[in-house]
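As structure tokens, the structure follows; a few thoughts come after it.
Laboratory data are not the source of any read-out in this text; all were calculated from the coordinates shown. Here the structure is a predicted model, which means the values were calculated and not measured. No Cβ is skipped: glycine too gets one built from the backbone with ideal geometry, and neighbour counts run over all protein chains shown.
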Amino acid sequence: MPSSVDINLIPNVHRFENCPKDEMNALAMDLTHAVYPHDQVYGKYCTLEEYIACPPEAVFEYLSDVHCLAEWTYSMRDFAPTEQDGLYVSLDKIGSATRIFTKVKSVPGAMTVDYHCAWDQGDALWMIYLMRVVPAQLVLNKPGSVVLWTNCKHPHYENNPFPDAAPEGRDLWVGDLWPFFYAGHHVEMQNLKSILEHRHASGEAIRPWVSK
Amino acid sequence: MTQLSQPPLSLVGTASYLPETVRDNAFFGCTDTKNPMFKGSRTRHHVADGETAVQMIERAARRLGENLDLDFGRDVDVLLTNVSCLDQPFTGCGASVARVLGCKPRWIIDMQNTGCVSFVFMLDLARALIRSGARSALLCNVQNAGGRIFAHPENRARPQSAIPGDGCGVGYVVANDESPVRAIETLSHGEYADDMRVKSEDGEAWWAPRSGPLHIDFTQSRIGKIVSRGNQLVPKIVTKACAEAGISVSDIDVLVTNQPNKTFLRNWREALLMPEEKHVHTFEDHGNLFGAAMPISIEKAALQGTLTNGSTLAIGGFSHAGDYSGAAIVDWRGQSEHVQ
């Protein structure tokens, strides 16, 4: 069905047809700063990207296995299955005795791996880590992988909706760490890169916990 | 000890001359103030037909001479000029300036390069010549391409034409520690030298007989790169000059830069974490003054009381499409608002 409204008349739509090149250039200049405040870049979304010298299939296979999180994350350890299919519980040692629940949703064709997680309870998995593996051959013209990783600042990061589920005596809420998400995720991305590049270069198994 | 202490170099004052004719945005056929290309600059001055760079320098220098009680016949060992649109090809205008001011400098140098950042390069050259025995230098910057080139009826409608404004800024430096220049940093970036060209629509060279006026060509494909390098060059070299002077960027009391457009002014200020009131410029009233912007803005800062005795003044900028960048730090104890 054809659109009833000319899209060039919709406010804030800039297209070649309604925004001449000179105007677009000026707009681009206005939007291009020398520096950007941290909060402006990482306040609502936290996106990172990294090149990893390891084939995309191997990176995808590794990320799709929940047990990899016990390796490349800073503080998720001791994974165990729960009664619910695909839902795992582990400790997030950054929150001392905090339990974190995780379900991995991966899509082989698109090579997306999403970790649906939550602190303290496993009924509402609202902390979602969106990752995508891209063949570096396509985007950088070299072997290996590019990993994209985004978190969105869900309102629960501001206020813990399940305070009763927290372990006794814990003052910290995961959302208090949001200003450090870029830093923490950068460190973890480097862990991921270092581990996978080491294993690939030395010919070791990518997932050594899986028996052959 | 820095080399600057032997012998010292002081920037003791600057003065301006602005041509009488003031053009508003309507002159360029643009009454739509929403157009981002026209944002920021309300007016700019244009030189009159027949008004020369030599006359502009003379007028600004006479003001400076009165403010500082200079005897041009005695007090100018070095005369440096930079003029964006030359009065005459081949000759430069330094010798004519010496004639009208009645001075007999040992060195007269007409600098054709370093455009918008030429004031910093002049400070550096004056320092070198003072180390070679000179006692004083008059630095003269003229921007006169607005009236001469961009006011042309065939040029007016170009978005770039409303940006340049004409004016002259002069500065005076002496070999003492009255108002010491603590650091000067200069860099050349030859790799960016060919990204700005003077062109005409008919494709003829500037010296060839032509049917249309000249304009400046920053090709579309290079604009993103030029903006990006401009964003980086200036904060980088100001920071370097601060380090050379042994101060941190937050110690700067007044920042003066070249003023190509509002975006660069904003970006440099943001990158140096500088509050707006410390960054003194005249872009709204004068447009892009090329090399004349720095001495004119220093004068403005002194006259309005932003730059006072004891202020740390940082001067920084880049030229053309990024071929030169430079910055200087001055412990300002020069001419202040009491002069006027």
Debye calc, one equal point scatterer per Cα of chain B, no solvent, log10 I(q)/I(0) at q = 0.13, 0.14 1/Å comes to -0.94, -1.11
Calculate one ³J(HN,Hα) per residue across the stretch A:145-161 by plugging θ = phi - 60° into the Karplus curve 6.51 cos²θ - 1.76 cosθ + 1.60, and present them in order as whole Hz with x for glycine and proline. 9, 10, 10, 9, 8, 10, 10, 10, 7, 4, x, 4, 5, 6, 9, 6, x
Per its Cα gyration tensor (rounded if a/c is under 1.5, else prolate when a/b beats b/c, else oblate), the stretch B:99-146 is best filed as oblate
Report, ordered by chain and residue number, the aspartates and glutamates lying within cross-link reach of A:LYS93, taken as a straight Cα distance under 16 Å and ignoring same-chain residues fewer than 8 apart. A:GLU71, A:ASP78, A:ASP120, A:GLU168, A:ASP171, A:ASP176, A:GLU188
Cα axis of helix A:181-202 to longest principal axis of chain A: angle in degrees, 0 to 90, nearest 10? 70 degrees
Going by alpha carbons, how many degrees (0 to 90, nearest 10) lie between the helix axis of B:220-245 and the longest principal axis of chain B? 10 degrees
Using a Gaussian network for chain A with springs between C-alpha atoms less than 10 Å apart, which of these wobbles most: A:ASN159, A:ASN141, A:ASN18? A:ASN18
How big is the protein assembly as shown along each principal axis, measuring the range of its Cα positions in Å and listing the largest first? 97, 66, 46
Could you give me D for the stretch A:37-202, from Stokes-Einstein at 4 °C and 1.567 mPa s, where the hydrodynamic radius is the Kirkwood radius over C-alpha pairs? Units µm² s⁻¹, please. 78 µm²/s
When Cβ neighbours within 10 Å are restricted to other protein chains, what is their mean count per residue of peptide A:28-38? 6
For chain A, longest principal axis from Cα atoms; helix A:21-31 axis from its Cα atoms; angle between them, nearest 10 degrees, is 40 degrees
May I ask for the distance between the Cα centers of the stretch B:106-134 and the stretch A:153-212, given as a whole number of Å? 58 Å
Determine the principal axes of the Cα atoms in the stretch B:197-324, then give the extent along each, sorted from largest to smallest and rounded to whole angstroms. 54, 29, 22
quick note, chain B, DSSP beta bridge pairs, % antiparallel (nearest 5) is 70 percent
What lysines could a cross-link reach from B:LYS278, if we take a straight Cα to Cα line under 17 Å and drop same-chain neighbours fewer than 8 places away? B:LYS262, B:LYS300
Rounded, prolate or oblate: which one fits the stretch B:3-176, using the alpha carbon gyration tensor with axes a ≥ b ≥ c (rounded when a/c is under 1.5, else prolate when a/b beats b/c, else oblate)? prolate
Taking beta carbons within 10 Å but only from partner chains, what does the mean come to for residues A:19-25? 3
Excluding residues on the same chain fewer than 8 positions from A:LYS142, give the lysines whose Cα lies under 27 Å from its Cα. A:LYS193, B:LYS225
Would you work out the Kirkwood radius for the stretch B:116-202? I mean one over the mean of 1/r across all pairs of different Cα atoms, in Å. 16.0 Å
